[in-house]
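Worksheet for the structure shown next.
Bear in mind that the values in this text are calculations on the coordinates, not laboratory data. Being a predicted model, the structure only gives us computed values, none of them experimental. Virtual Cβ from ideal backbone geometry, glycine too; neighbours counted across all protein chains shown.
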Amino acid sequence: MPTLKLGFFASGGGSNVQAILDAIESGRLDAEARIIISNNSKAYVLERARIAGVPFAHISSKTHDDEQVALIQALQTAGAEIVVLAGYMKKISPELIRSFDGRVLNIHPALLPKFGGKGMYGMNVHKAVIEAGEKVSGPTIHLVNEKYDAGRILAQREVPVLPNDSPETLAARVLEAEHIIYAETLRKIALGEIVI
Ligand code: GRF
């Protein structure tokens, strides 16, 4: 199987991107990080790119008249073939999804299809899980389509919801599982065990 060529979109700290960069560095994942893009010029994920020597770009509706065209061009120029969303807070256009033949992945911090959809991000998700009295939660890796969090599910990893959990303590436990499952799912794609 050919080495995966990854383009990343992130809006925040980028710990999921870092976990994937670490898996590549350690030889666990046969992939190349071709570019890391953020819509937030202050996002720490761009600093992580700089430290790792990965090309990076700040692309947003403030920097480009047609943000979606700029995103597609940046990914194609960088030679990315799979788009990895990791804490990216903006909607992906159908044109971008089509440009990459649907090879756009996202990570959601709950067991979809439950606790997904518009407005379900960050602490809102963990709050809803606790309020619903769920006993398990965990991250989902899914393909992105034009509806929020509704694409084909590729992988999930369960973690317990503990009786005295706060949204913050649950978020931390889910995030640990995220750092395992994203690289693991990409590894299965690289090995041909998952076909997208
Ligand atoms: C993660 O919780 C992920 O589930 C959600 O955004 C967060 C990204 O965190 N999509 P980080 O920026 O990767 O640390």
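Kindly indicate the residue of region 4-15 that is of a type in the set (A, V, I, L, M, F, W, C) and under 15 Å from Ala190 (Cβ atoms) and also surrounded by the most Cβ atoms within 10 Å (Cβ to Cβ) among those meeting that condition. Here the answer is Leu6. Taking region 1-84 as the region of interest, the helices (runs of 4 or more DSSP H) fully inside it that hold 1 or more residues being touching a Ser or Thr at 6+ places or on another chain (Cβ under 8 Å) are 44-52, 67-78. Could you run through region 16-32 and say how many residues are surrounded by fewer than 18 Cβ atoms within 10 Å (Cβ to Cβ) and under 22 Å from His108 (Cα atoms)? The total comes to 1. The set of residues in region 153-187 being more than 12 Å from the ligand (Cβ to nearest atom) and of a type in the set (Val, Ile, Thr) consists of Ile153, Val159, Val161, Thr169, Ile180, Thr185. Say whether the condition of being part of a loop (DSSP other than H, G, I, E, B), touching a residue at least 40 places away in the same chain (Cβ under 8 Å) and charged (D, E, K, R) is met by at least one residue in region 126-144. Checking region 126-144: not a single residue is part of a loop (DSSP other than H, G, I, E, B), touching a residue at least 40 places away in the same chain (Cβ under 8 Å) and charged (D, E, K, R). Pairing each residue of region 53-67 that is of a type in the set (Ser, Thr, Tyr) with any residue that is surrounded by 15 or more Cβ atoms within 10 Å (Cβ to Cβ), provided the two are 6+ apart or on different chains, yields C-beta distances under 6 Å for Ser60/Asn39; Ser61/Glu67.
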